[in-house]
Structure formats: structure tokens, C-alpha cells
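J.: Before I ask anything, here is the structure I am working with.
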Amino acid sequence: MSQGLTAVIVVVLIILWSAIKVVREYERLVVFRLGRLIGAKGPGLTIIIPIMDKFVRVDLRIVTMDVPAQELITRDNVPVKVNAVVYFKIMDPTAAVVQVSNFILATSQIAQTTLRSTLGAHELDDLLSEREKINRQLQAIIDAQTDPWGVKVTTVEIKEVELPEGMRRAMARQAEAERERRAKIINAQGEYQAAERLAQAADIIGRHPAALQLRFLQTITEVSSERNSTVLFPLPLDILKPFTEYAGAMAAHLTGKTVGSAAEAVPPMTEVPPPEEIPPLEG
């Protein structure tokens, strides 16, 4: 009698053990009773009928799925290889189990085909510069296709765009030329600003002659601070102007006086009488 009671207790415990399920906060149990959908249960303590009920445990946490690298040709005929990552989660556990056999595989395939078709419609420059816009476009397309499965695509990010070696060299040359162009423009702007400042400084010095003398003294101070064997002092031409004028006047005066004295010393030319005829010798 005791052995039979023990067996009954063991059977009851086994049934209770198989009937009681503990569902975590991030999980749901999709229960089928005799093949018919009952619904999603959880979280917490859940009781199911053994033998009659079957269940599928669904994880509601965000799934990170790596999309394999896809080879495609952009709209401007450049072959590239692109890979991405997709973040999604289950919003409707019953639809994820009933509507599709394997929602993870289905989402991966949809992401791969959408990545090829969407990026193939963009040019290479847009693919490199407008990545955020393309990510939002991919997320909207994939989410619209997975919505009937109860799958919500939260984020799609393009990880890497692999370019051919020739295209990399061409882009490097283009970037180098662009940097040289900017450097020349900046240099020209600096020359222009320096010329403007010099013109303003010359205008100020022209209005105030004392500023030129102060600048001259400052230059001498700067030159004297260096250890040079020869120091050249610039001499303004205005200082020499009185001397040059005086020298020119003296030279003109002396030249005029010498010429006059010589003219007086030379007597005027007179007519010379013809020589008398000499008589011939006699005998």
C-alpha cells in the first residue's frame, strides 16, 4: 500500500514539475493546446497541461545580427563590398512563431537582399558621405517587411565599405589635390591680408614722419641684438638732398666762370695781310 502511494506521489510530482514553468521577465511562452494557439504566457510562474500543451519559448531581448559582406555595384558603376549590422527584437511573440518558421533566418535574408538593392541605387560619394541617411532608409525598408512577423527592426548600421585598390589610390590623389588647393587659397588670403596691413602701415607712416624715425631706431636695435660682423645703416635720401643741390649749384657756377675767363683770354681773330712779294735775286 505504501509503495503504491509512493508511486502515485512520484507521478504527481513529475506531472507538477512538467506543468509548472518559470518564465523570465524577458521571455514569453507561446502555448499550443492540442495544436491550437492559446497565446503567449509569462513572465513569472506559468502552468501548462502536460501532454496536451506544447510551448515555444521566445526571447524578447534585442538581437544583434551581423549581415555578411555583400558585393554590389553602385549607380556610378563602382564595385564595392559592404557589410552591416542589424538590431531587432520581438514585439509580438505569437506572430514571430506562427507567421514565419525561423524569424532570425528570415530577417537575415531580408537584410542581405535589401542591403544589395538599396545601396546599388546610390552613388559612391553618397554611400561614403550620407551614411546616416542610408542607414535610416535601410531600417525603414527592413522593418516594413518584418512587421507582419512581429519583428521590430530598431537600428541598421553600415559597418564597412571596402573599395577596390585603384579607387582608393584615385581618392587619395583627389584628397591630396584638394588639400593643396586649400593650402594655396589660405596662402593667398594671408598674402592679401598682409598687403592690406602693409598698405595701412605705410599710410600711417606717411602721415606721421616721426613714425618712420622710430621704426628706423627699432630696426637698428633689432640688428644690434644679433651677432653680426657688418651692420648696414640705411640713410634716407632726404638727408642728402641739400648736399646734392649745393654740389650741383657749385659745379654749375664753377663751370660758367671758367668758360668766361677763357673767352676773354683769347683775342679776337683779325685778318692777316698777305705776305709781300719777294724780288728775285740778281746776278
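J.: Name, by its number, the condition in (1) of a type outside the set (Asp, Glu); (2) over 21 Å from Ala144 (Cα atoms); (3) buried (at least 16 other Cβ atoms within 10 Å of the Cβ) that does not hold for Val86.
T.: So Val86 meets the others, but not (2).
Rundown of residues vs (1) loosely packed, with under 14 Cβ neighbours inside 10 Å; (2) over 57 Å from the mean Cα position of the chain (by Cα); (3) not aromatic (Phe, Trp, Tyr), yes/no style:
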site	(1), (2), (3)
Ile20	yes, yes, yes
Glu27	no, no, yes
Gly35	yes, yes, yes
Leu45	yes, no, yes
Met52	yes, yes, yes
Val58	no, no, yes
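J.: List the strands (runs of 3 or more DSSP E) inside the stretch 7-106, counting only whole elements, that have at least 3 residues being in the same structural domain as Gly120 (by TED's automatic domain parsing) and closer than 30 Å to Lys159 by Cβ. It would help to see each step written out before you state the result.
T.: Working: elements: 20-23, 27-33, 36-41, 44-47, 53-59, 63-73, 79-90.
Fully inside the stretch 7-106 and qualifying: 63-73, 79-90.
J.: Now for a different question. Restricting attention to the stretch 149-205, and to residues there that are of a type in the set (Asp, Glu) and part of a helix (DSSP H, G or I), which single residue is farthest from Gln99 (Cα to Cα)?
T.: Asp203
J.: Which of the residues that make up the stretch 185-214 are under 35 Å from the mean Cα position of the chain (by Cα) and of a type in the set (D, E, K, R)?
T.: Within the stretch 185-214, the first condition is being under 35 Å from the mean Cα position of the chain (by Cα), and the residues that meet it are 185-198.
The answer is Glu191, Glu196, Arg197.
The values are calculated or read from the model by the stated rules, or taken from the named source; none is laboratory data. Not measured: the values here are computed from a predicted model. Cβ sites come from the backbone with ideal geometry, for glycine too, and all protein chains shown count toward neighbours.
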